[in-house]
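Coordinate-derived values only; no laboratory data. The structure presented is a predicted model; accordingly, all values stated were derived computationally and were not measured. Using ideal geometry, Cβ is built from the backbone for each residue, glycine included, and neighbour counts are taken over all protein chains shown.
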Ligand SMILES: [Zn+2]
C-alpha cells in the first residue's frame, strides 16, 4: 500500500518525499529529494476534528483549493469535503443571524 505523502512545500513535487523524523514539537518532518529541503506538515488529524476544521478554514481563507488543502494536511479529499460542508453550515448560520 502506498503511503499518503504530502507534496513538497518548496517545489510542489509529489514523488520525491521521504519521512525525515519528528520535529521537537512532534510534528512529522519530510525531506524532498528533488530540491533537497525539509519541511513540516501541519498534520494534526489524529483524533482532533476541531483542529482540522480550524486548519481547513484557515487554508480556505488563504485561497487554497480543496485539493491543495488535502495535500497540505495529508488527509483525503473526502474528509476535506466534509469539513468544508461543516464550515458552509456554520457560515449560513451566521448569515441568518
Ligand atoms: Zn522539493
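Every Cα-Cα pair in the range 1-41 was counted, and those over 14 Å apart are 38% of them. Here the spin labels are modelled as points 7 Å beyond Cα on the Cα-Cβ line, and at residue 68 and residue 91 they lie 1.6 nm apart.
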